[in-house]
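Engineer: I'd like to ask you about the structure that follows.
The values are calculated or read from the model by the stated rules, or taken from the named source; none is laboratory data. It should be emphasised that the depicted structure is a prediction, and the values quoted were computed from it without experimental measurement. Counting neighbours? That spans all protein chains shown, and the Cβs are built from the backbone with ideal geometry, glycine included. When the accessible area is computed, the model is the full protein with side chains, heavy atoms only, and any ligands, DNA or RNA have been set aside. Shrake-Rupley method; radii C 1.70, N 1.55, O 1.52, S 1.80 Å.
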Amino acid sequence: MKQKIIISMMLATGLLSACGSGQTEKKGSVTRGSDQTIGRAVIKAENGLMTPEILHSFGQVSDIQYSPQRQEILYGVTYTDIQLNKKNRELFVMKMDGSDNKKITNTPKGENSACWVKDGSKIAFLYNEDGKSQIWEMNPDGSDRKQISNTEKDIQGFIYSPDNTKVLFISDIKYGERSNDKYPDLEKASGRIVDDLMYKHWDEWVESIPHVFVAELTNEGLRNIVDLLEGEPFEAPLKPFGGTEQLAWSVDSKSIAYTSRKKTGKEYAQSTNSDIYLYNLESKQTRNLTQGMMGYDINPSFSPDGQKIAWLSMERGGYESDKNRLFVMDLATGEKEYLTETFDNNTDDFAWNSDSKTIYMLACVEAKTQLFAIDTHTKAMTTLTEGCHDYASVCFANTQILSLRHSMSYPNEIFSIDLSSKEAKQLTSENAHILDQLEMGRVEERWITTTDNKQMLTWVVYPPKFDPTKKYPTLLYCQGGPQSTVSQFWSYRWNLQMMAANGYIVVAPNRRGLPSFGQEWLEQISKDYGGQNMKDYLSAIDALSKESFVDETRLGCTGASYGGFSVYWLAGNHNKRFKAFLSHAGIFNTEAQYLETEEMWFADWDLGGPFWDKSNAVAQRSFDNSPHKFVQNWDTPIMITHGELDYRILASQGMMAFNAAQLRGIPSRMLVYPNENHWIAQPQNGVLFQREFFRWFDQHLKL
């Protein structure tokens, strides 16, 4: 793996630091074996440059699990086969120093949610053999596989109790009434009868919701299954992304903490108020631990001594991008402690030390995600890591922290951080055989002055073999969210090194509204769409355009979601800066978006309210800045991509934008996926996106 070297220097546009450089040039192709298990690809990189096919051939390392009894690490790697248009996940174990790394599975359907159980003597995992995901167990070497559960529906996640006598698991229950429930004689009727809001979410019609179940774990399988929310029409954990991280066993195996938003319909659609509930297995009583805390409360975790519980909390209901705070409660007294009150950034993840006195946390600061330690008594914080990369998880392992780490120039690998020396050591090299053949572009950190005289961190990624005497076409990357950091991220679609490998300089600003620069910087964007954050984008591209190696006559602009909104808005307000645009899943008409989207709390908070409230000056300013209000100014080629299963921003938004461009005679192209949602998940669709992305920009910026 190529390690990053940070070099500081001063340039005319601001402070600059280098975060990476390239390596040797090699040629060839991507090949795989003929078996259906989908394993590690054999790579020969053409000219040492990234291609869409190579990008999808990286093994995706994930889900570190540590066994204190065995002093071993369990993890998974997901492999992709473009020709088969599918992915497969395999499991590996290794020693704490990264040695004796062994692949312990080789199956066509993949093992998920794997973890050590029964004092490290077994590995439990989810496997879908007959159309249903169920809990299985096997020996640490992969032998003696045995199915443990046989529930009616899929199991989506599970956790064994500390005493190994019980297991809690997540499974869906039916939600709402179908048309053939009301009219049994119309068994082939497909119509949905809707009487309330939140009838769709992200990419599905809400006809089921997750519930938490607990069962006795016996040699014959699961017995005496109990639904912790029996008779309650509420989801636990939270859809669509919540999993077992939102659940926890008490140390004595007598109680379960779970996350739920106990609301339905319109109230659910307008609120982010989830809570942490404590269910006692003996009394079957449930207690709300976060009653009166009005925002998201998620991810409970009991201290090893069983006396406290920690969780992540947002203060304000209806604001999904509020500061993610770390809280701890004394279970005996109910007293709460806000541990990160003086820390002006989010807590993204955390883990207890075995002494129950220290918590290790993950947080992004100035667009680089690092690990920290916080004393639960004094609230003093210590920085454990530094460098131009992102740590992506936190797992306490006695004298070390285990974490996934990546950057713009390499995907996830597992690292250990020694808690005494703070030394980071790379334990896996899953993708070394690919990275050693690729030359990555240099990544630089610039601080650019904005129109209101503030400093904005902007990443600049240069093409491999960059020649400062030449002029390059340049792409402005617009981030989505809108409150989502442009950190040292690695993406399998919005991969900035892929753009650079195709001969583009990439400019990626951390404009107003992005986390890791304090709450004031983050919150400025709310109710100011089309405002200061757009000026920030123009400040960044204008600063780079002054460089001799940037061809200001060949500037492009791209982004997705709110980044797609940004592309549409800039298309009507760029004053001929750009020569081509590409928007994916973007908001084009905010009035339509207000009524089309499902999570109404988001629209109400960020836009300021409904467009029909003419007395609300803030909301009216938001809707006056809708991109469709500036379509009369469009004069630049634009490409639009969208998924028809996207219920967050409907595909009609992209179709409206494409139709407007066509009617105005603007050179335009649309790529629509009937089977994709807000993202592009299927391998061949991902490759198609990349090919069309570069065909479009090459056509307009490389003439």
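Engineer: With the Cα gyration tensor of the stretch 450-547 in hand, convert its eigenvalues to equivalent ellipsoid semi-axes via √(5λ) and list them largest first in whole Å.
Structural biologist: Numbers: eigenvalues 125, 49, 20 Å².
Equivalent ellipsoid of the stretch 450-547: 25, 16, 10 Å, largest first.
Engineer: Taking every alpha carbon pair in the chain, what does the distance histogram look like in 20 angstrom bins from 0, in percent?
Structural biologist: Spelled out per bin, shortest first, that is 16, 51, 30, 2.
Engineer: With every protein chain in place, what's the accessible area of Glu129 (1.4 Å probe, Å², nearest 10)?
Structural biologist: Accessible area of Glu129: about 90 Å².
Engineer: Calculate the length of the line joining the C-alpha centroid of the stretch 453-527 to that of the stretch 399-423, in whole Å.
Structural biologist: Here the two parts' Cα centres lie 24 Å apart.
Engineer: Return the carbon/sulfur percentage of the accessible area of the stretch 501-616, one whole number, probe 1.4 Å, all protein chains in place.
Structural biologist: After summing per-atom areas, the C and S share lands at 52 percent.
Engineer: Can you compute 3J(HN,Hα) from phi for each residue in the stretch 444-450, using the Karplus curve 6.51 cos²θ - 1.76 cosθ + 1.60 with θ = phi - 60°, rounded to whole Hz and x for Gly and Pro?
Structural biologist: Each residue's phi maps through the Karplus curve to give 10, 10, 10, 10, 10, 7, 8 Hz.
Engineer: Taking a 32 Å limit on the Cα-Cα distance, which of the listed pairs Lys166/Lys323; Lys44/Lys132; Lys44/Lys146; Lys266/Lys614; Lys44/Lys535 fall beyond it?
Structural biologist: As for pairs spanning more than 32 Å Cα to Cα, those are Lys166/Lys323; Lys44/Lys132; Lys44/Lys146; Lys44/Lys535.
Engineer: Once the dipole of the stretch 42-89 is set up with Lys and Arg at +1 and Asp and Glu at -1 on Cβ about the Cα centre, which of Gln60, Tyr75, Ala45 lies farthest towards its positive end?
Structural biologist: Comparing the listed Cα positions along the dipole, Tyr75 ranks first.
Engineer: Here's a follow-up. Could you put Ile135, Ile680 in order of accessible surface area, largest first, with the 1.4 Å probe and the full protein assembly present? Please list the in-between numbers first.
Structural biologist: On the way: Ile135 0, Ile680 25 Å².
Heavy-atom accessible area, descending, gives Ile680, Ile135.
Engineer: Arrange the residues Phe489, Phe241 by how much accessible surface each exposes, largest first, with a 1.4 angstrom probe.
Structural biologist: Final ranking, largest accessible area leading: Phe241, Phe489.
Engineer: Check which residues have an amide H placed less than 5 Å from Val365's amide H, if you skip close sequence neighbours.
Structural biologist: The list, which skips near neighbours in sequence, is Gln370.
Engineer: A follow-up question, please. Read phi for every residue in the stretch 40-45 and hand back ³J(HN,Hα) as whole Hz from Karplus 6.51 cos²θ - 1.76 cosθ + 1.60, θ = phi - 60°, with x for Gly and Pro.
Structural biologist: 5, 7, 8, 10, 10, 7
Engineer: With r as the distance between the Cβ atoms of Lys629 and Thr451 and R0 = 22 Å, compute the FRET efficiency 1/(1 + (r/R0)^6) and round to 0.05. The partial results should precede the final answer.
Structural biologist: Details: r = 22 Å, r/R0 = 0.98.
That gives a FRET efficiency of 0.55.
Engineer: Let me make sure I get this right: for the stretch 547-611, a, b and c are the square roots of the gyration tensor eigenvalues over alpha carbons, sorted descending. Under 1.5 in a/c it's rounded, otherwise prolate if a/b > b/c, else oblate. Which is it?
Structural biologist: The shape class here is prolate.
Engineer: Follow-up. When ranked by the protection proxy of mean other Cβ atoms within 10 Å per residue, highest first, what sequence do the peptides 162-173, 573-584 form?
Structural biologist: 573-584, 162-173
Engineer: Right, next: Among Phe623, Phe92, Tyr268, which residue has its Cα furthest toward the positive end of the charge dipole of the chain, with +1 on Lys/Arg Cβ and -1 on Asp/Glu Cβ?
Structural biologist: About the Cα centre, the residue reaching furthest to the positive side is Phe623.
Engineer: While we're looking at this one, here's another question. Return the FRET efficiency for the residue pair Lys188, Trp612: r is the Cβ-Cβ distance, R0 is 25 Å, and the value is rounded to the nearest 0.05.
Structural biologist: My answer for the efficiency is 0.05.
Engineer: Here's a follow-up. If you take the Cα Rg of the stretch 102-230 and divide it by 2.2 N^0.38 Å, with N the number of residues, what do you get?
Structural biologist: After normalising by residue count via 2.2 N^0.38 Å, the value is 1.30.
Engineer: Right, next: Show His433, His700, His678 ordered by accessible area, largest first, where the area counts protein heavy atoms only and the probe is 1.4 Å.
Structural biologist: I get His433, His700, His678, largest accessible area first.
Engineer: Continuing with the same structure: Treating only the Cβ of Lys, Arg, Asp and Glu as charged (+1, +1, -1, -1), what charge dipole size does the chain show about its Cα centre? Round to the nearest 20 debye.
Structural biologist: 2020 debye
Engineer: Taking the Cβ of Gly317 as the center, what net charge do the other residues with Cβ under 12 Å away carry, scoring Lys and Arg +1 and Asp and Glu -1?
Structural biologist: Taking every Cβ under 12 Å from that of Gly317, the sum is -4.
Engineer: Here's a follow-up. Given a 1.4 Å probe and the protein chains all in place, what does the accessible area of Thr485 round to, in Å² to the nearest 10?
Structural biologist: 30 Å²
Engineer: With a 1.4 Å probe and all protein chains left in place, how much accessible area per residue does the chain have, in Å²?
Structural biologist: About 39 Å² of surface per residue is accessible.
Engineer: Would you check the accessible area of Thr399, probe 1.4 Å, heavy atoms only, in square angstrom rounded to 10?
Structural biologist: 80 Å²
Engineer: To the nearest Å, what is the center-to-center distance of the stretch 251-325 and the stretch 123-186, using C-alpha atoms only?
Structural biologist: The distance from the Cα centre of the stretch 251-325 to that of the stretch 123-186 comes to 24 Å.
Engineer: What's the center-to-center distance, using Cα atoms, between the stretch 626-666 and the stretch 545-621 in Å?
Structural biologist: 11 Å
Engineer: Looking at the stretch 281-365, which trypsin sites (Lys or Arg not before Pro) are in a loop (DSSP not H, G, I, E or B) and have at most 15 other Cβ atoms within 10 Å?
Structural biologist: Passing sites in the stretch 281-365 are Lys284, Arg316, Lys357.
Engineer: Counting only the backbone N, which residues of the stretch 62-76 are under 18 Å from the spot 7 Å out from the Cα of Thr399 toward its beta-carbon?
Structural biologist: 67-73
Engineer: Here's a follow-up. Check the chain for me: any Cys whose beta-carbon has no other cysteine beta-carbon within less than 4.7 Å?
Structural biologist: Cys115, Cys364, Cys395, Cys478, Cys557, each lacking another Cys Cβ under 4.7 Å.
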